Each structure stands twice: as structure tokens, then as C-alpha cells.
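Rule-based calculations on the coordinates, nothing more; no lab input. Just so we're clear, the structure is a prediction, and the values are computed from it rather than from any experiment. Virtual Cβ from ideal backbone geometry, glycine too; neighbours counted across all protein chains shown.
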Amino acid sequence: MVSGLTTAEIERRVRALMPGVVEDIRDLIRYPSVSFPGYPAEPVHAMACATADVLKRSGLPDAHLMEIPRGYPSVYGEIPAPPGAPTILLYAHYDVQPAKIEDGWDSDPWTPVEKDGRLYGRGAADNKSGIVIIAAALRVFDGKPPVGVKVIIEGEEETAGHLEEFAGAHPDLFRCDLFVVADTGNITAGDPVLTTTLRGVVSCIIKVRTLDHAVHSGSFGGPAPDALVALIRILSTLHDPQGNVAVKGLRESPAGTAEYPEELFRQNAGVLPGVDLAGTGPIGSRLWAKPSVTVIGIDAPSVTGAANILIPHASAKVSMRIAPDADPRRELQILADHLRAAAPWNARVTIQETGNDPGFVCPAGGPGFAAAKRAMEAAFRKPVQEKGTGGSIPLMRALRDAVPGAEFVLWGASDDAGSFIHGPNESVDIRELERFIVAQALLMQEMGEGW
């Protein structure tokens, strides 16, 4: 076991490893490991094998494919803890979002391109960077870390996965003192932030009926109620004139210490010049702690197929992000009650619930989280802020249920200002990648020495 390394020694080791780290992530980017239904399975399986190979070469000799029922395999490996030392479970995922050059990429998304200190390609940030952070941290200790290590690299994070169910059925595989999830990131590269909360998400389909069949708008328009107009009126009640969610009784949470600069947010979101942002209050609060409601689909006649008729029935799917500590069933019930109550003309409304994934709040005050914060401060040479994430990672709640006493650290090498995850020209800042490898190694070193 390599022990007693100073911060400077760890930084030197990581710096020497970086050419190999960059080569590893370049190789991984070349696999179009899209796990969505309808995409070829071969590249996903090949990416799983390539991930296991990287981990084996990095000091995790038993890295292997772990079959997940009804899904793509995860990559799993384990190094037993030295006597008296804690165990850390390191998580990332190897599947990625779809990408093709006609989506707006400047180059082929599956051919890595390095430019101005960033490496471009699908998965560069989300989340093949997480794989190489884990691998390089093991290399710092020559595969003999001062703590026990479990590694799990998921193959279905971007789609409807099966690892949550698997974790519940096999909690011993996930037993650890600290989960380290390398699947979030900073707002801007070089400014360290720990993610402490994730919003949940609920959804439903609202169906509105007013007539038993379509009728001529000239013969019946006026007194006869149109279902699409009724649906539009219902949906318009979801927000107040400023864009705040107008559904009464929904929970809000504290937002953390970091702030999301408005100009950076406008740029990243692609808000057109002159268009106002929706809602009031700090961007971080609106994005990480408050609910947000979106209409993500409408079933109604298309413009090209429009005719002069009154619409007898129309439907919409409504998705709502909920506060990290909110009860998803309660929030969905409040949303459904609001939609029913907003119906004009006694229109017939039915609500079909389609999803209720809870948010997540990292347990606070434990030694693992404190050690991670110190490790980040040393690696970045700056104070660490805390923030939420507007999206959801359902696996976090499953892991907490499987290992109730474990702590969580959520971080990663993507940055909101430049990574553009899920979009064209995704990239990772190579210097940011290096800093997170240093932070990961420092965390392992401190937990091995002082648990």
C-alpha cells in the first residue's frame, strides 16, 4: 500500500498520469454507447468491456461485467479494506446520450477532438470523465489504496435502468461507508462545488373531454365548448404572470450557498436576446430548490391537419420537478387536484399518473463529506461552495435505502459553463479532470489515515 502521500506528491503523480488519462478517455469516447431502446447493443457491450479493461490496468484486477437482469451489465470490482480502514464505493456510468453531427456538432461526436484545453466528444464529460477519474485515482496508489474500494460503473443511467432494483435485492454488494458519485460537476471550471441536493420529478397525463364527437365550428362554435381551448386554459393556470409556479401547497427547499450567474444561465439555456427569464428570486433557488412545471407533450390536431371543427378531446403530459426533500406522491396529488379544479365549463377531466421519482438530500455532518470538502479545497485551492442539481438521479435514493448508514459525495468534472452535456459539442476541461483526480486521491488518503 502506498501511504502517507502529501498533497504535493499526489499532485505530481496525477500530473505524470495525465497523458495516459487523456488517451484512455479518448478511446472511451469512440464507443457510441447509447443504451436507449432502438440503438444497437454491440457498442454498449463493447464499451462495458473497454471500461473493465481500463479499470484492470489501473489496479482493479477483478473488474468484471456484472449482469443486471433485463438491462445492460454494470462493471464491478472490489479491493478489500486494510484493517480498520473504511470502504468507499466509487460510481460513474458508461452509457451516453445519442449524438449525430447534424445535431449541431462542429465535428464527429464519436471522434475525440482536443482544442483550447478541452476534449470534445459525446460522453467526454457525462460520464466517461467519471470512469477515468476513478481509474487514475487507483493508479495514484499503484492499485493499493489506503481504503477499501468498490467500483460500479452503470450501463443504463441515461435511460430507464434496472440498477436501482438490483441494489435493493443485493445490498451487500453496495455496502460501504461512503458513496462517491462522479456524475455532477461545477458551475464553472476551477470553482469547486459539492452537489448536496437533487430535485425529484413527477408527471401525469391530463385528458379533457367536452363533446362526444367533432362538430363544425361554424354551426356550433360559440356555445359549444372546445376541449383544446379548455385544456389550454387549464394549463395556463400552472404559472403566474411572472412565470412562478402557481400551484398552491407545493414544497420549497433551501438552495445551498453557490449561485448561478444569470448571464451564464441565459447563455447555457439558449435564451434568446430580449426574452425574460421565468419566475422570480435567485437562479439557484429557482433551479435547485423550487418546483418547476413543464408541458412536455400535447395530443391535438396538427397544424397541417387542421380543420374548421370543435375539438371533442385533447390531452397533455405535464412534468413537474419537485423540491429535493418533497414527498413525490403528495406533490403529484397537489398537481392533479389543481388541474381538475382549473377546468372550465365543467369539462370532464381525467388524470393518469405516470411517474413519481423522489429527490435526494445528501446526509450532512459526517466525516466523509467533511473530508471530501477538504480534498476539494486542497485540489482547487479555493473554498468549496454547495449547490443543488435541477435534474434527478433515481439511483441515489435506492443506494441510500440499500445502505442506510452511508454518506454521499456528489461531484464530477463537467462544468455548466462549457461542458454542454446532452447537447452538441459536449466537452470536458482537461485541467478540471486533473483537479478531480487529485481530489479523489486526497479523499482516499485522508479517509485511510483518519477514519
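General remarks:
- Convex hull volume of region 298-437 per residue (C-alpha atoms, cubic angstrom): 178
- Span-like helix ranges in the chain, DSSP H, alpha carbon extent 27 angstrom or more, Kyte mean at least -1.0: 7-29, 430-450
- Pairs from the list Lys56/Lys128; Lys144/Lys373; Lys248/Lys317; Lys317/Lys387; Lys248/Lys373; Lys207/Lys387 with a Cα-Cα gap above 27 Å: Lys317/Lys387; Lys248/Lys373; Lys207/Lys387.
- q = 0.09, 0.13 Å⁻¹: log10 I(q)/I(0) that the Debye formula gives for the chain, counting C-alpha atoms only: -0.63, -1.18
- With the convex hull constructed from alpha-carbon coordinates only, region 213-306 shows a mean projected area of 9.4 nm² over all directions.
- Each part gets one Cα centre, and for region 106-184 versus region 424-448 those centres are 11 Å apart.
- Gyration tensor (alpha-carbon) shape descriptor, region 381-451, a/c threshold 1.5: oblate
- Ordered by the number of other Cβ atoms lying within 10 Å of each residue's own Cβ, fewest first, Ile298, Ile153, Ile79 fall into the sequence Ile298, Ile79, Ile153.
- Selection among Pro223, Thr195, Leu211 by position relative to the dipole of region 189-252 gives Leu211 as farthest towards the positive end (Cβ unit charges, Cα centre).
- Here the residues Met47, Met320, Met396, Met66, ranked from fewest to most Cβ neighbours within 10 Å of their Cβ, fall in the order Met66, Met396, Met320, Met47.
- The largest-to-smallest principal axis extents of the Cα set in region 354-409 are 45, 25, 15 Å.
- A convex hull fitted to the Cα coordinates of region 150-265 yields 261 cubic angstrom per residue.
- Remark: region 18-98 projects, on average over all directions, an area of 6.5 nm² (convex hull of Cα atoms).
- Compactness index (Cα Rg / 2.2 N^0.38 Å), region 34-149: 1.20
- Largest-first ellipsoid semi-axes for region 251-322, taking √(5λ) over the Cα gyration tensor eigenvalues, angstrom: 34, 17, 8
- Taken about its Cα centre, the chain carries a charge dipole of about 700 debye when Lys and Arg each add +1 at the Cβ and Asp and Glu each add -1 at the Cβ.
- More than 19 angstrom apart: percent of Cα pairs within region 128-212: 62
- In terms of packing, defined here as the mean over residues of other Cβ atoms within 10 angstrom, the peptides 24-31, 277-284, 304-311 line up highest first as 24-31, 277-284, 304-311.
- Ascending count of other beta-carbon atoms within 10 Å, so fewest first, for Ser253, Ser427: Ser253, Ser427
- Note on Ala160 and Cys49: their simple-model spin labels are 2.9 nm apart, each label 7 Å out from Cα toward Cβ.
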